[in-house]
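Here is the structure we will look at.
Each reported figure results from applying straightforward, stated rules to the coordinates on display, with no laboratory input. Predicted model, so just to flag it, every value in this text is computed and none were measured. Neighbour counts are summed over all protein chains in view; Cβ atoms, including those assigned to glycine, are modelled from backbone coordinates with ideal geometry.
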Amino acid sequence: MRKLIVIVVLLLVAGAAAGWWFGIPSRLGWGSQPHDRVTLYGNVDIRQVQLGFRVAGRIEQALVDEGDTVKAGDILARLDAAPAEDTVRAAEAKVAGLRATLEKLQAGPRAAEIAQAKALYTESQADLQNAEQAFERARQLRPGGSISQAGLDQAKAVKDMASARSQSALEALRLLQEGTRPEDIAAARANLQAAEAELSSAGISLDDTELSAPADGIVLSRVREPGAIVSPSDIVYVLSLTKPVWVRAYISEPLLGKVHPGMMVEIVSDTAPDKPYQGKVGFVSPIAEFTPKSVETPDLRTDLVYRLRIIVESADTGLRQGMPVTVRLPADSGGGGP
């Protein structure tokens, strides 16, 4: 009986020694070899975009439904474009009118207009000459009583009016000969530029009556139906982006030196563990954080980890957004980067 107890004690001591040897050294890094593969855990990133129109209006067409696969640039829905088209036509007419005004000012007066002004000035000069002669005769006849004072005053008034008309015709001729003022041309050009900006804005609003896919993806939900009145803040579709596929994984601080941007890694899912995907580490967070509860790792939850973004090459439908995956670093991964 005593021998049996001694044997049991020796076995317990040997087991404890083996547990210490295979447990503590591995945690401290004593038993790890450079060729050991590091295994990380993470999830396929959920990448969604909520789509809506940039302008208000009534939905005329909803062209895709939930589950449909779309390509970048595909039209998903359309608004009633009639109001936007009317705005564009009004802006086009305004631009045309202001452009004609600017061209008219830049061209200046026509030769015929200048010739007409010269003729009017010559005519006014002739009238002034006749009025001056009539006044001179009346002034000479007044002392002899051949003409009344009222007649003399009338002749003087006619002469003054003829002089004013002649001066006005002269100034009008000078204005035509000098051409358009630069300030008027600048003001007309500014008005035209403002109208062209309004036309451009109207054109953008017309284009925005069509809702297109920003990238390849799958329609998750169709929130609005044809006939609905929407504003720019309303969501019409929710799109799940399929390219590129990103994996969000985490690595503990002691292993941080084994990963660097550009490193090629293997990614496997629980669904197809024998079908690895190739990925490239695209981002290593410079900030430590606590391990997220969604990450299944053998480390303690209080351990600090660093977030990785891994870009999956040649991804297919086997990787669904949100699904957990296992990331395996190369067997010869070591410290430092490329």
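Label sites at Gln167 and His260, each approximated as a point 7 angstrom past Cα along Cα to Cβ, lie 9.1 nm apart.
Please sort 215-224, 104-113, 46-55, 247-256 by packing, taking for each peptide the average over its residues of neighbouring beta carbons within 10 angstrom, highest first. Provide the component values of the computation, followed by the final result.
Working: 215-224: 17.3, 104-113: 12.4, 46-55: 15.7, 247-256: 19.3.
Ranked by mean Cβ neighbours within 10 Å, highest first: 247-256, 215-224, 46-55, 104-113.
Distance between the pseudo-spin-label points of Leu152 and Ala96 (7 Å out from Cα toward the beta carbon): 6.6 nm. When Rg and Dmax are taken over the Cα atoms of segment 43-122, they come to 27.1, 94 Å.
Straight-line cross-link partners of Lys94 among the lysines, defined as a Cα under 28 Å from its Cα and at least 8 positions apart when in the same chain: Lys104.
At a Förster distance of 30 Å, what's the computed FRET efficiency of Asp207 paired with Ala288, Cβ-Cβ distance as r, to 0.05?
For R0 = 30 Å, the calculated efficiency reads 0.05.
Net charge in the neighbourhood of Leu105 (other residues with Cβ under 14 Å of its Cβ; Lys, Arg +1, Asp, Glu -1) is 0. Restricting the calculation to Cα atoms, segment 40-86 shows an Rg/Rh of 1.16 when the hydrodynamic-style radius is the Kirkwood one.
The label-point distance for Lys104 and Gln140, in a model that sets each label 7 Å from Cα toward Cβ, rounds to 5.0 nm. For Gln278, neighbours were defined as the other residues whose beta-carbon sits under 14 Å from its Cβ, and their charges (Lys and Arg +1, Asp and Glu -1) total 0. Counted residue by residue at 0.36 nm each, then reduced by the alpha carbon distance between them, the extension gain from Ser200 to Gln50 reaches 51.4 nm. Bridgeable aspartates and glutamates around Lys156 (alpha carbons under 17 Å apart, same-chain partners fewer than 8 residues away excluded): Asp127, Glu132, Glu136. Straight-line reach from Lys71: taking Cα to Cα under 17 Å and skipping same-chain neighbours fewer than 8 places apart, the lysines in range are Lys243.
At 10 °C and a viscosity of 1.306 mPa s, what translational diffusion coefficient does Stokes-Einstein give for segment 91-201, taking Rh as the Kirkwood radius over Cα pairs? Give it in µm²/s as a whole number.
Values: Rh = 17.5 Å.
Estimated via Stokes-Einstein, D reaches 91 µm²/s.
Legend: calculated FRET efficiency, Asp80 to Thr39, from the Cβ-Cβ distance at R0 = 45 Å, rounded to 0.05, equals 0.20.
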